[in-house]
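Report on one structure; see the data block that follows.
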Amino acid sequence: METPKGTIIFTTVGRTHYGFDVFSLNIATSVERRLTDGVSVNFNAQFVNDKSDDVVFVSERNGSARIYKTRSGISKPEQIPGAPESYFHDRPIITQNNRLYFISAHEQPDRYFKNWSALYTVELNSAKREVTRVTPPDTADFSPAVSQSGDFLAVASYGTRSWGGEFHEINTDITVFKASKPETRVVICERGGWPTWSGDSTVFFHHQADDGWWSIFRVDIPENFTEYTDFPITPIRVTPSGLHCFTPAAFRDGKRIALATRRRGVNHRHIEIYDLENTTFQPVTESLNPSFHHYNPFVSPDSEFLGYHRFRGESTQGESIVPNIESIVSPIKTLRLLRINGSFPSSSPNGDLIALNSDFDINGGIKVSKSDGSKRWTLIKDRTAFYNSWSPTERHVIYTSLGPIFSPARIAVQIARIKFDPSDLTADKEDLPCDVKILTLENTGNNAFPSCSPDGKSIVFRSGRSGHKNLYIVDAVNGESNGGGIRRLTDGPWIDTMPCWSPKGDLIGFSSNRHNPENTAVFGAYVVRPDGTGLRRIQISGPEGSEEAARERVNHVSFNKDGDWLVFAANLSGVTAEPVTMPNQFQPYGDLYVVKLDGTGLRRLTWNGYEDGTPTWHTADELDLSQLNLNGQDGDKLEGQFEEPLWISCDI
């Protein structure tokens, strides 16, 4: 099978700032200890036994989410062998008989817009360590939990349904089955996530109540539940309204549950213990770390310790600098993936530099980075800039958009030509002097997303000057005035956006909802010749008019060097983990894909619970990834600078 070659650079929204480590807290003494080693991002742990130091958890330290285990007296965690080759593992559990259960997303389902996540198991005492899929074929499962005896499991399951496009609260049901008979599954309760067992007969879980508050609910399961005929059962609400409660973890005494909360007047998610008999909350983490978010509690078997993950803190040993660039495991051996600390990357003609925008600072402007991540300079600051395009013929010229991103057609945004002196790219400088020339005229509305032609003479961009967002081509040096010129490339009452000029110059790729102009949430991938002829849609998930094609949200298309492959961000595989259990992701279904121009060869590139976006092919033919400087000499300080999901509101 023909495969694409080269290096793709992209961003993952917020991920580089998390700095998660796993911690445990002695409930009696409130003494907190860090259990993981401060390397990369570590999360979603469970205690392995009664030892408070031993946990199984997920870490992204080697370029993908893999399963690791800590052991008492050993500082470095060990990766658990036997798990399948996958680029996403989640929610690992090791039972008393040393059986590992975990979520993996390595098997493609039977159709697009179906979640890949499924439950697997491996016997760790076995020399072969064969992996068995527990989830039935073409079924999606999330967030497993094992009962106290180990005889029963619960999952949040989509069943065989397709993903409906939702991500605030995903439409999963609480499903229970015996460990010895996983094929006999019972939906005990509709609509719920993140189950946890109390003993073998009660399951707690979260979902958003009708009054708008996320709450914990419970279902008491009949003894012979496989013969019970009155499922699903109406659950009992456990936690009151007036605060959000997520991700429960039951104590073995059956009297308490640990949970994460969001309260009015409190800006961070914290761990609390809820007394089921007295209906009272016991705060746990707010007094310890009031300015950190705490996620996804878990309880030790002896009920003496409570675990969770959070930002590791600035005073803790471990990685303290935001990585400028990270190498991510690629499923295609001929293709390399690099995650950058920033968005809308564009590499210089010879590939030694990358222009990018800041993810977190709305006035972050433009930065220029060495391609190995070792040094960065600020080119534009104290104003909003987004979507960069380096001139293919000039090492000192970058095109960008100046003005507010994601704004209506009539809001003023301008295309700018930024020129700087490459001799200023020295180790002792932080800011680069530059000349800013505006190419678009005033009062022409929202002009954004420039892409330079391979001969450096023209810019294609999206403009809202007509009242609709369509594509235009303008002189790359003089702009609309001073002897330049502008012409319209596309025309219609829809959105054509995010254009990319092919390195061969023969095509312009872009995203558009012209197939369904009434829906601003669906976009297909299109190509057109620079003279406006040959416009066609790239058929990715299905033929034109099909249900699959109507659901596509394809953005940020970019050509490879030979112009025969496209990389893009899309929603083709749904969500991979429960979004409410994580920091804010605007589009947690966003993953990267490649496809040939004829619509064949589609491959998924990334798997995680985050939003991956703004991909582009690097201009260098070869990059020596062994020489990457992950942190650089001037990397941002890791401060845990991220937000809770913006759609979780306490103003109810």
Taking segment 189-202, which residues are part of a loop (DSSP other than H, G, I, E, B) and in contact with a His (Cβ under 7 Å, 6 or more places away or on another chain)? Arg191, Gly192
Sole miss for Gly193 among (1) under 14 Å from Ala154 (Cβ atoms); (2) surrounded by fewer than 24 Cβ atoms within 10 Å (Cβ to Cβ) is condition (2)
The condition of being touching a strand residue (DSSP E or B) at 6+ places or on another chain (Cβ under 7 Å), outside any loop (DSSP other than H, G, I, E, B) and surrounded by fewer than 21 Cβ atoms within 10 Å (Cβ to Cβ) holds, among Phe292, Phe281, only for Phe281
Kindly check whether there is at least one residue in segment 26-43 that is under 20 Å from the mean Cα position of the chain (by Cα), open to solvent by less than 10 Å² (accessible area, probe 1.4 Å) and on the phi < 0 side of the Ramachandran plot. yes
So which residues in segment 44-58 are surrounded by fewer than 20 Cβ atoms within 10 Å (Cβ to Cβ) and either modelled with pLDDT of 95 or more or polar (S, T, N, Q) (or both), if there are any at all? Asn49, Ser52
Inside segment 214-259, the number of residues satisfying the requirement of being assigned to a loop (DSSP other than H, G, I, E, B), of a type in the set (A, V, I, L, M, F, W, C) and either open to solvent by 30 Å² or more (accessible area, probe 1.4 Å) or touching a helix residue (DSSP H, G or I) at 6+ places or on another chain (Cβ under 7 Å) (or both) is 2
Could you list all residues from segment 335-370 that are among the β-branched types (Val, Ile, Thr) and either modelled with pLDDT of 95 or more or open to solvent by less than 10 Å² (accessible area, probe 1.4 Å) (or both)? Ile340, Ile354, Ile366, Val368
For segment 208-229, how many residues meet the condition of being out of contact with any His (no Cβ under 9 Å at 6 or more places or on another chain) and free of Cβ contacts under 8 Å to residues at least 40 places away in the same chain? 9
Among the residues that make up segment 546-566, is at least one of them in a loop (DSSP other than H, G, I, E, B), open to solvent by less than 10 Å² (accessible area, probe 1.4 Å) and hydrophobic (A, V, I, L, M, F, W, C)? yes
Taking Val575 as the residue in question, decide whether it is closer than 18 Å to Pro499 by Cα, open to solvent by less than 10 Å² (accessible area, probe 1.4 Å) and at pLDDT 95 or above. no
Subset of segment 133-159, residues among the β-branched types (Val, Ile, Thr) and farther than 15 Å from Lys178 by Cα, comes to Thr139
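Every residue, every condition in (1) open to solvent by 10 Å² or more (accessible area, probe 1.4 Å); (2) in contact with a Leu (Cβ under 9 Å, 6 or more places away or on another chain); (3) not hydrophobic (A, V, I, L, M, F, W, C), yes or no:
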{"residue": "Gly464", "(1), (2), (3)": "no, no, yes"}
{"residue": "His468", "(1), (2), (3)": "yes, no, yes"}
{"residue": "Val474", "(1), (2), (3)": "no, yes, no"}
{"residue": "Asn482", "(1), (2), (3)": "yes, no, yes"}
{"residue": "Ile486", "(1), (2), (3)": "yes, yes, no"}
{"residue": "Leu489", "(1), (2), (3)": "yes, yes, no"}
{"residue": "Pro493", "(1), (2), (3)": "yes, no, yes"}
{"residue": "Cys500", "(1), (2), (3)": "yes, yes, no"}
{"residue": "Lys504", "(1), (2), (3)": "yes, no, yes"}
Checking Arg269, Arg263, Arg310 in turn, the sole residue that is at pLDDT 95 or above and open to solvent by 50 Å² or more (accessible area, probe 1.4 Å) turns out to be Arg263
What residue, among those in segment 61-109 that are acidic (Asp, Glu) and touching a residue at least 24 places away in the same chain (Cβ under 8 Å), is farthest from Phe142 (Cα to Cα)? Glu107
Which numbered condition in (1) outside any strand (DSSP E or B); (2) under 20 Å from Asn350 (Cβ atoms); (3) open to solvent by 30 Å² or more (accessible area, probe 1.4 Å) is the only one that Lys419 fails? (1)
Phe205 fails exactly one of the following numbered conditions: (1) assigned to a strand (DSSP E or B); (2) out of contact with any helix residue (DSSP H, G or I) (no Cβ under 7 Å at 6 or more places or on another chain); (3) under 19 Å from Gln46 (Cβ atoms); (4) in contact (Cβ under 8 Å) with a residue 60 or more places away in the chain. What is the number of that condition? (4)
Residue pairs, Cβ under 6 Å, 6 or more apart or interchain, first in segment 251-278 and closer than 26 Å to Gly640 by Cβ, second polar (S, T, N, Q) and open to solvent by less than 10 Å² (accessible area, probe 1.4 Å). List them. Ala260/Thr247; His270/Thr261; His270/Thr285; Ile271/Thr285; Glu272/Thr261
Residues being part of a strand (DSSP E or B), more than 19 Å from the chain's Cα centre (by Cα) and not aliphatic (A, V, I, L, M): count how many of those fall in segment 332-357. 2
Residues within segment 586-603 that are open to solvent by 10 Å² or more (accessible area, probe 1.4 Å) and either in a loop (DSSP other than H, G, I, E, B) or among the aromatic types (Phe, Trp, Tyr) (or both), tallied: 9
Evaluate the following for Thr533: is it closer than 18 Å to Arg603 by Cβ, in a loop (DSSP other than H, G, I, E, B) and at pLDDT 95 or above? no
Of Ser401, Ser407, which residue is of a type in the set (S, T, N, Q), part of a loop (DSSP other than H, G, I, E, B) and within 23 Å of Cys500 (Cβ to Cβ)? Ser407
Would you confirm whether any residue within segment 437-446 is open to solvent by 10 Å² or more (accessible area, probe 1.4 Å) and of a type in the set (A, V, I, L, M)? yes
Name the strands (runs of 3 or more DSSP E) wholly inside segment 72-188 in which the number of residues that are open to solvent by 20 Å² or more (accessible area, probe 1.4 Å) is 3 or more. 74-79, 131-133
Take segment 464-499 and flag every residue that is of a type in the set (A, V, I, L, M, F, W, C) and touching a residue at least 60 places away in the same chain (Cβ under 8 Å). Ala476, Val477, Met498
Looking across segment 508-529 at residues that are touching a Gly at 6+ places or on another chain (Cβ under 7 Å) and assigned to a loop (DSSP other than H, G, I, E, B), the single one that is nearest to Ile459 (Cα to Cα) is Arg514
Cβ pairs under 7 Å, 6+ apart or interchain, first in segment 161-175 and within 14 Å of Cys189 (Cβ to Cβ), second part of a loop (DSSP other than H, G, I, E, B) and of a type outside the set (Lys, Arg), ordered by first then second residue, are Asn171/Gly164; Thr172/Gly192; Asp173/Glu190; Asp173/Gly192; Ile174/Gly192
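The values are calculated or read from the model by the stated rules, or taken from the named source; none is laboratory data. The structure displayed is predicted, hence computed values, not measured ones. Cβ atoms come from the backbone with ideal geometry, glycine included; neighbour counts cover every protein chain shown. Keep in mind that these areas ignore ligands, DNA and RNA; they rest on the heavy atoms of the full protein, side chains included. Shrake-Rupley method; radii C 1.70, N 1.55, O 1.52, S 1.80 Å.
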